[in-house]
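S.K.: Got a structure here, written out as structure tokens. Questions coming.
The values are calculated or read from the model by the stated rules, or taken from the named source; none is laboratory data. For clarity, every value in this text was computed on a predicted model and none was experimentally measured. FYI the Cβ positions are ideal-geometry reconstructions off the backbone, even for glycines, and counts take in every protein chain you see. We work out accessible area using only protein heavy atoms, side chains counted, and drop any ligands, DNA or RNA first. Shrake-Rupley method; radii C 1.70, N 1.55, O 1.52, S 1.80 Å.
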Amino acid sequence: KIQEEILSYWNDAYYNKDNPEVSDELYDTCMAIYNKKTDKTIEYLGEVSVDFKQYEHKYPVLSLGKINKKEDFLQYVKKFSPEEKTDEWDYPIIEPKIDGLTVVYYPDGKLVSRGDGHVGEVLPWARLIPGLPIENTVSRPVRMEVYISKEDFKKYFASSNKNARNTVAGILRRKEYTNDIKHLSYVAYNILGSNEDEECQLIWLESLGFNVVPYKKINNDNKEEIFNTMEEWSKNLSYETDGVVIKANRFNANEVYGSTGHHPNNMIAYKFKRR
């Protein structure tokens, strides 16, 4: 029997102590079973440590809803696709779901953890992540994912009991500077509060010097091919992934699709099955 207390204990170990005690696959399976049987939706993003300065997010930094069946993937592609491409509505895109730590880069120079989605922690050394623009010249916060490459993780951190995501979190949440931060990398993947479509946001961010996430545009003609090859595509990237994210690619998608208290409705994560 899966109890909420067990899930909360696992959540605390993963998000707050950066020391997971079970695999992601076991956690996701138990969470799905619990939510289905109890008709609940438990969403736990972590607590904000009193050891860091707190920062209230200007826009909620929500996690993503998750699917893992082909029919659901194709259903969301259809949901996010226009009957005919227009200036305001293009075909959806998919991006790799990176196994890293969500960080928000604010125009005032602060880099902030997601925290509980509404309040995060100011990460004191995150501005030293290699390749990060010295200034965020975007007028709104940029949502990024910070990661460790497969090569660096294997070379420098494989002996630890932590996965890639928790290793990143541990490095960024240290109060004192360490050289480990030189092993971190990042990609930007959208601008919080922007009305522009996802592809325009990525093009703009790249023009301003940000590293941006790779993406593919998906439609009725290529959806089967993309579905059949996207796991191999993700495996060949330099960082760990556990799925892809399908995103509506239209003007004002945040308002058109809205959100729940837990997830935005204009994007969804398709998670790969563990082998």
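S.K.: Assigning unit charges at the beta carbon (Lys, Arg +1; Asp, Glu -1) and nothing else, what dipole magnitude in debye, to the nearest 20, does the range 127-239 show about its Cα centre?
M.R.: It works out to roughly 780 debye.
S.K.: OK, next. How much of the accessible area of the range 53-192, in percent, comes from carbon and sulfur atoms when a 1.4 Å probe is used?
M.R.: With neighbouring chains kept in place, the figure for the range 53-192 is 46 percent.
S.K.: Sticking with this structure for a sec: If you roll a 1.4 Å probe over the heavy atoms of the protein chains, what accessible area per residue do you get for the range 158-275, in Å²?
M.R.: 48
S.K.: Let me ask something additional. Under a 5 Å amide H to amide H cut-off, with H placed in plane at 1.01 Å, what residues pair with Lys53 once short-range neighbours are removed?
M.R.: The list, which skips near neighbours in sequence, is Val122.
S.K.: Sticking with this one: In whole Hz, with x marking every Gly and Pro, tabulate ³J(HN,Hα) for the range 167-174 from phi via Karplus 6.51 cos²θ - 1.76 cosθ + 1.60, θ = phi - 60°.
M.R.: Computed from phi, the couplings for the range 167-174 are 5, 4, 4, x, 5, 6, 9, 6 Hz.
S.K.: Going through the range 79-149, which trypsin sites (Lys or Arg not before Pro) have at most 14 other Cβ atoms within 10 Å and a DSSP loop state?
M.R.: Within the range 79-149, the qualifying trypsin sites (Lys or Arg not before Pro) (loop, at most 14 other Cβ atoms within 10 Å) are Lys85.
S.K.: Tell me, what is the per residue accessible area of the range 59-115 in Å², probe radius 1.4 Å?
M.R.: Per residue, the range 59-115 has an accessible area of 47 Å².
S.K.: Same structure, new question: How much FRET efficiency would the formula 1/(1 + (r/R0)^6) give for Thr260 and Asp51, where r is the Cβ-Cβ distance and R0 is 25 Å, rounded to 0.05?
M.R.: The calculated FRET efficiency here is 0.20.
S.K.: Say each of Asp108 and Lys155 gets a label point 7 Å from the Cα, pointing the same way as Cα to Cβ; how far apart are those two points in nm?
M.R.: Result for the modelled spin labels: 3.8 nm.
S.K.: Run the paramagnetic zone check for Glu231: 7 angstrom along Cα to Cβ, then residues of the range 186-216 with backbone nitrogen under 20 Å.
M.R.: Residues passing the 20 Å test: 216.
S.K.: In terms of solvent-accessible area of protein heavy atoms at a 1.4 angstrom probe, what is the ranking of Tyr55, Tyr76, highest value first?
M.R.: Largest accessible area first, the list is Tyr76, Tyr55.
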